[in-house]
1. Is one or more of the residues making up segment 1-20 of a type in the set (S, T, N, Q), in contact with a Lys or Arg (Cβ under 9 Å, 6 or more places away or on another chain) and either part of a strand (DSSP E or B) or open to solvent by 20 Å² or more (accessible area, probe 1.4 Å) (or both)?
2. With the condition kept exactly as written, say whether any residue in segment 156-178 is without any contact (Cβ under 8 Å) to a residue 24 or more places away in the chain, within 22 Å of Lys66 (Cα to Cα) and open to solvent by less than 50 Å² (accessible area, probe 1.4 Å).
3. Based on what the data block shows, is Ala152 open to solvent by less than 10 Å² (accessible area, probe 1.4 Å) and within 24 Å of Val92 (Cβ to Cβ)?
4. Within segment 98-121, which residues are of a type in the set (A, V, I, L, M, F, W, C) and either in contact with a Pro (Cβ under 7 Å, 6 or more places away or on another chain) or over 26 Å from Lys178 (Cβ atoms) (or both)?
5. Among the listed residues Val80, Val70, Val111, identify the single one that is in contact with a Leu (Cβ under 9 Å, 6 or more places away or on another chain) and under 15 Å from Ile151 (Cα atoms).
6. Tell me which of these Arg52 doesn't satisfy, since it passes every other one: (1) out of contact with any Cys (no Cβ under 8 Å at 6 or more places or on another chain); (2) farther than 16 Å from Met161 by Cβ; (3) surrounded by fewer than 20 Cβ atoms within 10 Å (Cβ to Cβ).
7. If I filter segment 75-97 for residues that are without any contact (Cβ under 8 Å) to a residue 12 or more places away in the chain and within 16 Å of Arg182 (Cβ to Cβ), do I get at least one hit?
8. Scanning segment 64-97 for residues that are among the β-branched types (Val, Ile, Thr) and part of a helix (DSSP H, G or I), which turns out surrounded by the fewest Cβ atoms within 10 Å (Cβ to Cβ)?
Amino acid sequence: MEKPNYKELLASGVHFGHLKKKWNPKMSPYIFAERKGIHLIDLNRTSECLERAGQAARQMAKAGKKILFVATKKQAREIVATAAKSVNMPYVTDRWLGGMMTNFATIRRSVRKMQNIERMLNDGSLSSITKKERLTLTREHAKLDKVLGGIANLNRTPSAMFIIDIHHEHIAIAEAHKLGIRTIGIVDTRSEERRVGKECRSRWSPY
């Protein structure tokens, strides 16, 4: 994927930040101006940071490392899930379960349970159960798949996490920091860019 140019970033509204009254002063180096109570982000700084973040992600992907895409905001769910699937990377777009990384062993047990239910529903081994029991299992599988389907093939904690809106995904950020997982974050003017990895920050927000 080619790096977006200045005009494309502008046309996409990437320069729009958050309300001025909700800003984080630590984001001042990346704010270009203020218009009608809304901060405008410096797209030159954005472009520089996108290049650095992209390079870090490319290096990890070439090394065969996994990057977990995290986007539970309604506006980003479908876009991020599609992007993650296109590059065969794990993703979380429904909701972030507390302990998803710091208690990964328990999460893996839930994933195995989901996979076992799916296998039994498909191989005919549950032919003797009632319709009500099958419906109960089907609903349980759907519930697990909605939350864990994107990380079904993730057998260990990822090398990095790509996070849409670090302010919204603060629990995911906290878990990544606790485990030393590198983070690539989309940061709004109300957030703090220091909360994401130093070598791969992306300071902009289209949302």
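The values are calculated or read from the model by the stated rules, or taken from the named source; none is laboratory data. This is a predicted model, so every value here is computed, not measured. Here the Cβ positions follow ideal geometry from the backbone for every residue, glycine too, while neighbour counts run over all protein chains shown. Note: accessible area is taken over every heavy atom of the protein model, side chains too, but ligands, DNA and RNA are not part of it. Shrake-Rupley method; radii C 1.70, N 1.55, O 1.52, S 1.80 Å.
1. From segment 1-20, those of a type in the set (S, T, N, Q) are 5, 12; that's our starting set.
Among the residues that remain, those that are also in contact with a Lys or Arg (Cβ under 9 Å, 6 or more places away or on another chain) are: none.
No, there is no match, as no residue in segment 1-20 is of a type in the set (S, T, N, Q), in contact with a Lys or Arg (Cβ under 9 Å, 6 or more places away or on another chain) and either part of a strand (DSSP E or B) or open to solvent by 20 Å² or more (accessible area, probe 1.4 Å) (or both).
2. yes
3. Numbers: open to solvent by less than 10 Å² (accessible area, probe 1.4 Å): no; within 24 Å of Val92 (Cβ to Cβ): yes.
When the stated conditions are applied, Ala152 does not pass them.
4. Initially, segment 98-121 is screened for residues of a type in the set (A, V, I, L, M, F, W, C), giving 100-101, 104-105, 107, 111, 114, 117, 120-121.
Within segment 98-121, Ile117, Met120, Leu121 qualify.
5. Numbers: Val80 fails: in contact with a Leu (Cβ under 9 Å, 6 or more places away or on another chain); Val70 fails: in contact with a Leu (Cβ under 9 Å, 6 or more places away or on another chain).
From the options Val80, Val70, Val111, the qualifying one is Val111.
6. For Arg52, the exception is condition (1).
7. No, segment 75-97 contains no residue that is without any contact (Cβ under 8 Å) to a residue 12 or more places away in the chain and within 16 Å of Arg182 (Cβ to Cβ).
8. Thr82
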